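Reviewing the structure listed below.
Readers should treat all values here as calculations from the given coordinates under stated rules, not as data from a laboratory. Here the structure is a predicted model, which means the values were calculated and not measured. Glycine also receives a Cβ, built like all others from the backbone with ideal geometry; neighbour counts cover every protein chain displayed.
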Amino acid sequence: MSKTFLEHIKTRRTQYALGKELPGSQQEIVRLIQDAIKHTPSSFNSQSSRAVILFGKESEKFWSLTKEILRKIVPAENFASTDAKMNSFAAGAGTVLFFEDQNVVKGLQEKFPLYADAFPSFSVQSGGMAQFAVWTALAERGIGASLQHYTPLVDDMVQTEWHVPVSWKLYAQMPFGVHKGPFADKTFMDDNERFKVYA
Ligand SMILES: Cc1cc2nc3c(=O)[nH]c(=O)nc-3n(C[C@H](O)[C@H](O)[C@H](O)COP(=O)(O)O)c2cc1C
């Protein structure tokens, strides 16, 4: 029997041990990522989320350039762990860069002044949903991933290297690839502390 939606949600975990092989063609993975983002809800159906999908050498370039940016600010005696982390991301098959188009946010603020203050937050919330949708869709295909945040350090580099419009604000980076190790243990807090049910 095929897995339920909830089972797929439970399958998604943070995976840092990544390898290059993928269980499908690049075209298939691109379609999967595009569909996950395309069908994610957004306020007023504004579709503010954008993505750049980097495979192979392009993904390696992103993590290598990020490493060099970090080298300038991380103390030399602590750099070994940063170096190892960047290499582990580069070891994957690719990386998704998640953006929110600020022109869309501005357009909504002008069109619906009553909600102007809410649109930046709505955009971030929608972007988070898109990230979760992609992460879970990759998990469903047997692909591991993690969610990283090297903004704003890498913003200029990304805009220069991949000719991203200036209105695209970078929020997250998701390295992905085949699973090369087990997941870390995960604990859960008591449901009673998180949920209230009234009936
Ligand atoms: C909004 C958000 C930000 C996160 N930022 C990072 C991050 O910068 N680096 C990282 O390694 N993991 C990051 N994570 C992953 C969480 O640490 C991880 O999802 C959490 O510990 C639960 O583990 P799981 O993903 O295996 O379920 C982030 C997750 C979320 C939802």
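Exactly one residue out of GLY24, GLY56 is away from the ligand (no atom under 16 Å from the Cβ), surrounded by fewer than 16 Cβ atoms within 10 Å (Cβ to Cβ) and without any contact (Cβ under 8 Å) to a residue 60 or more places away in the chain: that is GLY56. Residues in the stretch 95-124 that are part of a helix (DSSP H, G or I) and closer than 25 Å to LEU54 by Cβ: GLN102, ASN103, VAL104, VAL105, SER123, VAL124. Is it the case that the stretch 27-39 has a residue that's within 16 Å of the ligand (Cβ to nearest atom), within 22 Å of GLN173 (Cβ to Cβ), among the polar types (S, T, N, Q) and assigned to a helix (DSSP H, G or I)? The answer is no; no qualifying residue exists. Condition check for MET86 on (1) free of Cβ contacts under 8 Å to residues at least 40 places away in the same chain; (2) surrounded by fewer than 18 Cβ atoms within 10 Å (Cβ to Cβ); (3) out of contact with any strand residue (DSSP E or B) (no Cβ under 8 Å at 6 or more places or on another chain); (4) of a type in the set (A, V, I, L, M, F, W, C): one failure, at (2).
Residue count for the stretch 77-89, restricted to those that are more than 17 Å from THR14 (Cβ to Cβ) and touching a helix residue (DSSP H, G or I) at 6+ places or on another chain (Cβ under 7 Å): 3.
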